[in-house]
């Protein structure tokens with residue numbers, strides 16, 4: 001962990017106007033929950049449709065994707081990554097600093113509104129369950145998308161394909177793929193932490209816990225390895 | 001002293017040929033846009049993403065044809081194909097729309113375009129038309145495939161004619177999808193100069209609306225609210241028009257014409273905003 005790199009990354013991420021475009025998503029999540037409650041929707045409908053359908057399935061992966069590929073990907077894109085690479089800093093520390101910043105930003109932007117929305121739906125315990133589950137999800141997704149941004153030149157598109165096709169379509173149709181789907185780990189964490197019966201959990205807690213750690217470590221390790229042999233090139237097609 | 005200085009005639013001439021003008025430029029830009037959408041004339045890397053999506057949509061049609069040949073049952077009608085493939089179409093938009101407009105912003109080539117006879121509106125409309133055509137081809141191609149597969153298994157000429165009518169209906173629905181989706185996507189992409197960010201923004205706008213609409217529709221419990229709610233997502237807006245025209249999708253009640261109007265309005269507003277966006281292009 002290198003504080004200077006973390007600081008530069010955080011500034012590069014948040015100091016730009018476009019990062020404020022992330023804000024509407026949490027607002028929409030809370031707003032929709034409020035509308036649902038105003039129409040006296042059932043808690044189970046809200047948990048399934050809004051908290052999971054919108055929060056866990058859409059907002060969490062997309063925020064993590066934009067942030068996770070942005071921390072390193074934008075520097076690779078405009079070539080300024082050279083300045084970091086030429087400093088005598090171990091690659092693992094660069095990756096660690098980037099990962100911490102990405103995970104923190106994604107976790108704050110998703111877990112806080114999820115906590116608020118889930119508390120509105122089913123009390124503080126459900127709120128804490130969803131909030132903490134989103135923190136865990138943000139860490140895994142950040143590690144995966146950080147690794148993607150060093151593995152491929154088009155990390156956002158590969159990440160989108162993964163989110164839309166693997167997490168969105170396959171893991172909900174082909175049930176066997178759920179054991180390797182971050183979305184279902186998050187749902188399982190939320191279910192285990194809140195003890196709520198509003199929504200069914202789909203994988204076992206042990207599998208979710210172990211796989212979360214495995215994916216995070218694997219992502220960070222892969223990113224470090226790829227950054228070791230990284231060759232700087234201009235923008236290609 | 002020095003030799004007498006002379007001016008040599010080295011053959012400078014004025015261009016006297018035909019000047020192809022604005023229409024030709026706009027047409028070229030459109031044609032180039034369609035080629036870019038499919039990565040034609042570009043490196044293999046540029047072809048990967050569009051053709052992954054095309055492959056997936058085509059395989060959907062192939063499955064339909066295979067099942068139809070085996071069991072005689074059509075598991076997916078021509079008109080259902082666009083809505084089944086709509087998430088894939090969104091990925092296609094996220095790949096292609098930034099490629100068409102964000103690249104020009106990033107590489108600052110717009111001043112070069114606009115120093116030609118090409119008008120600003122021509123540029124915007126050519127890009128929009130190129131994307132809409134590409135998206136339409138993405139859906140209409142597999143529909144044609146389904147038609148060919150079904151036509152060969154049909155028993156008589158009237159069966160083939162029925163299949164052809166079905167395909168034309170499917171093409172109408174595909175056109176609706178293409179116009180609604182691409183006008184929105186080009187508008188979003190034209191604001192972002194970074195391709196990655198434009199792709200993310202398109203997906204966020206498209207995906208965030210559908211759970212919201214789903215909840216509102218569930219809240220309405222089949223009443224007026226659940227008939228109106230699908231209007232607010234680009235995924236379900238064309239479906240509503242399909243329901244109005246053919247009555248083959250979800251229940252829209254008496255609001256069919258409203259769906260038609262909102263669709264028209266959505267396309268018009270997005271196009272106008274796009275034209276407005278290119279009124280002033282800073283360096």
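Tell me which residues, restricted to the stretch B:78-105, are within 11 Å of chain A (Cβ to nearest Cβ) and over 14 Å from the mean Cα position of the chain (by Cα).
Residues satisfying the conditions are B:84, B:103.
Of the numbered conditions (1) over 16 Å from residue B:212 (Cα atoms); (2) modelled with pLDDT under 90, residue A:44 fails exactly one; give the number of that condition.
Result: residue A:44 fails condition (1) only.
Take the conditions closer than 27 Å to residue B:87 by Cα, in a helix (DSSP H, G or I) and away from chain B (no Cβ under 14 Å) and apply them to residue A:111. Does it pass?
Yes: the conditions hold for residue A:111.
Taking the stated definitions as given, is residue B:201 part of a helix (DSSP H, G or I) and over 30 Å from residue A:153 (Cα atoms)?
So residue B:201 fails the test.
When you scan the stretch A:32-51, how many residues do you find that are surrounded by fewer than 21 Cβ atoms within 10 Å (Cβ to Cβ) and more than 9 Å from chain B (Cβ to nearest Cβ)?
Residues that pass the stated criteria total 7.
In the set B:192, B:132, which member is part of a loop (DSSP other than H, G, I, E, B) and surrounded by 20 or more Cβ atoms within 10 Å (Cβ to Cβ)?
On inspection, the qualifying residue turns out to be B:192.
When you scan the stretch B:206-223, do you find a residue that is in a helix (DSSP H, G or I), in contact (Cβ under 8 Å) with a residue 40 or more places away in the chain and more than 8 Å from chain A (Cβ to nearest Cβ), even just one?
Yes, because at least one residue in the stretch B:206-223 is in a helix (DSSP H, G or I), in contact (Cβ under 8 Å) with a residue 40 or more places away in the chain and more than 8 Å from chain A (Cβ to nearest Cβ).
Just for the stretch A:151-161: of the residues that are in a helix (DSSP H, G or I) and touching a residue at least 12 places away in the same chain (Cβ under 8 Å), which one is farthest from the chain's Cα centre (by Cα)?
Among those residues, the one meeting the criterion is A:151.
Can you report the number of residues in the stretch B:14-31 which are modelled with pLDDT under 90 and either in contact with a strand residue (DSSP E or B) (Cβ under 6 Å, 6 or more places away or on another chain) or not in a loop (DSSP other than H, G, I, E, B) (or both)?
Total meeting the criteria: 1.
Would you mind telling me which numbered condition in (1) free of Cβ contacts under 8 Å to residues at least 40 places away in the same chain; (2) outside any helix (DSSP H, G or I) residue A:119 fails?
(2)
Scan the stretch B:136-176 residue by residue and report those that are within 10 Å of the chain's Cα centre (by Cα) and either over 20 Å from residue B:62 (Cβ atoms) or outside any helix (DSSP H, G or I) (or both).
Hits for the stretch B:136-176 are B:175, B:176.
If you go through the stretch A:225-237 one residue at a time, do you hit one that is surrounded by 21 or more Cβ atoms within 10 Å (Cβ to Cβ), in contact with a helix residue (DSSP H, G or I) (Cβ under 6 Å, 6 or more places away or on another chain) and more than 14 Å from chain B (Cβ to nearest Cβ)?
yes
Filter the stretch A:52-61 down to residues that are over 29 Å from residue A:75 (Cα atoms) and facing another protein chain (nearest Cβ under 7 Å) and give me whichever is surrounded by the fewest Cβ atoms within 10 Å (Cβ to Cβ).
A:53
Out of the residues in the stretch A:165-209 that are modelled with pLDDT under 80 and buried (at least 21 other Cβ atoms within 10 Å of the Cβ), which is nearest to the other protein chains (Cβ to nearest Cβ)?
Looking at the filtered set, the residue picked out is A:171.
Hey, among B:34, B:53, B:57, which residue is in a helix (DSSP H, G or I) and within 17 Å of residue B:129 (Cα to Cα)?
Unique residue meeting the criteria: B:34.
Any chance you could count how many residues in the stretch A:66-101 are more than 14 Å from chain B (Cβ to nearest Cβ) and not in a loop (DSSP other than H, G, I, E, B)?
16
Mind checking which residues of the stretch A:8-30 are modelled with pLDDT of 85 or more and out of contact with any helix residue (DSSP H, G or I) (no Cβ under 9 Å at 6 or more places or on another chain)?
A:11
Name the pairs: first residue in the stretch A:5-25 and within 13 Å of chain B (Cβ to nearest Cβ) and without any contact (Cβ under 8 Å) to a residue 24 or more places away in the chain, second residue crowded, with 16+ Cβ neighbours inside 10 Å and not in a helix (DSSP H, G or I), Cβ to Cβ under 9 Å, at least 6 apart or on different chains?
A:18/B:192; A:18/B:194
The values are calculated or read from the model by the stated rules, or taken from the named source; none is laboratory data. Fair warning: this is a prediction, and the values are worked out from it, not measured in the lab. Every residue, glycine as well, gets a Cβ built from its backbone with ideal geometry; the counts of neighbours run over all protein chains shown.
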